[in-house]
Ligand SMILES: Nc1ncnc2c1ncn2[C@@H]1O[C@H](COP(=O)(O)OP(=O)(O)O)[C@@H](O)[C@H]1O
Ligand SMILES: [Mg+2]
């Protein structure tokens, strides 16, 4: 291991909270064993107004569904047509966060029971402009979502013309299905708690996504061996994006440039949820700079959402906190999050009503 690349946490910040682990081989075993290249070669999203937001995170219970539901409400309230998709194939409960009763049609009907159109499985949420595709309630889980089913869903999502924002509430963990949906999104939103364990999980998630991305393009660039080295923990392993690109450059400068551009588009957008202290509010920015420093990969900090009793009270009432307590601290954070996303997309964030 080269000592110059040993991760040293930036000063002023508690090391255990932002310190990224070394890239390592463990990410290769993440998720189910699958080798197909799903998203590489997916049709470009540029130029189309429909955008996909995928909300992921290392583990359950950190607020992915809370963020997805309320982000959906906030975007719908600012006049966008929003479709929320409960893609947590193992623990679907987004409908509960929105107060929608046990849905009669779910994603499972679309994937398995011959419903050809996504519109056939959409249910209204009661919030104007916000529809839901409820998650499968049966044994359909991320691990046994078949290649063809995933293709069908990805293709259909990419083809959606009738909505401005598609929000995918992903399951916990780093299965390849989850990573593929995350990588497909225009906004890969990663929810993290300001706790060392959650931060660690978040880094693991980003590493897994980054390697998944590399795996998707390795054949196209003929860099299977370089990717293998990047994933290795052995002496001489490649640690940063720059290392990977430098290695490719030795063979083909043009390819290296293209690869660099392609990987540079991979931006994870962090949301720190359940921030309790002022220091917690800075964890996102600290993670962004640590990640950039050690691995040469850009992430964005979308800001923090405060821990707020109103947030869990709203869940118990099966209501989005933005509807239940729009003035609460949690709601303010969620509004800022929606505004940031709209700003990134160059869209105004004002309410739809004049
Ligand atoms: N900002 C917050 N403040 C207080 N409680 C929160 C906050 N965000 C989430 N929670 C609580 O955490 C629980 C789990 O959130 P959820 O969105 O279901 O997690 P996930 O989808 O990641 O499994 C919620 O039911 C709620 O009680
Ligand atoms: Mg959830």
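The values are calculated or read from the model by the stated rules, or taken from the named source; none is laboratory data. Please read all numbers here as calculations on a predicted model, not as lab measurements. No Cβ is skipped: glycine too gets one built from the backbone with ideal geometry, and neighbour counts run over all protein chains shown.
Looking across the range 52-69, the residues that are more than 7 Å from ligand 1 (Cβ to nearest atom) and in contact with a strand residue (DSSP E or B) (Cβ under 8 Å, 6 or more places away or on another chain) come down to 52, 53, 54, 55, 56, 58, 68, 69. Looking only at the range 155-178, which residues are more than 16 Å from ligand 2 (Cβ to nearest atom) and at pLDDT 90 or above? Listed by number, the residues that qualify are 163, 164, 165, 166. Evaluated against (1) within 16 Å of ligand 1 (Cβ to nearest atom); (2) within 10 Å of the chain's Cα centre (by Cα); (3) not in a strand (DSSP E or B), residue 201 falls short on exactly one condition, (2).
In this structure, does residue 261 turn out to be within 16 Å of ligand 2 (Cβ to nearest atom) and either in contact with a strand residue (DSSP E or B) (Cβ under 9 Å, 6 or more places away or on another chain) or within 30 Å of residue 214 (Cβ to Cβ) (or both)?
Working: within 16 Å of ligand 2 (Cβ to nearest atom): no; either in contact with a strand residue (DSSP E or B) (Cβ under 9 Å, 6 or more places away or on another chain) or within 30 Å of residue 214 (Cβ to Cβ) (or both): yes.
No.
Filter the range 42-86 down to residues that are near ligand 2 (Cβ under 10 Å from one of its atoms) and assigned to a strand (DSSP E or B) and give me whichever is modelled with the highest pLDDT. Only one residue tops the list, namely 55. For the range 83-95, residues that are more than 9 Å from ligand 1 (Cβ to nearest atom) and under 17 Å from the mean Cα position of the chain (by Cα) total 8. Taking the range 96-116 as the range and being within 16 Å of ligand 2 (Cβ to nearest atom), crowded, with 20+ Cβ neighbours inside 10 Å and part of a helix (DSSP H, G or I) as the test, the residues that pass are 97, 107.
Screening residue 1 with (1) at pLDDT 55 or above; (2) away from ligand 1 (no atom under 14 Å from the Cβ) gives one miss only, at (1). Restricting 303, 264, 236 to residues that are closer than 24 Å to residue 170 by Cβ, modelled with pLDDT under 85 and surrounded by fewer than 22 Cβ atoms within 10 Å (Cβ to Cβ) narrows the list to 264.
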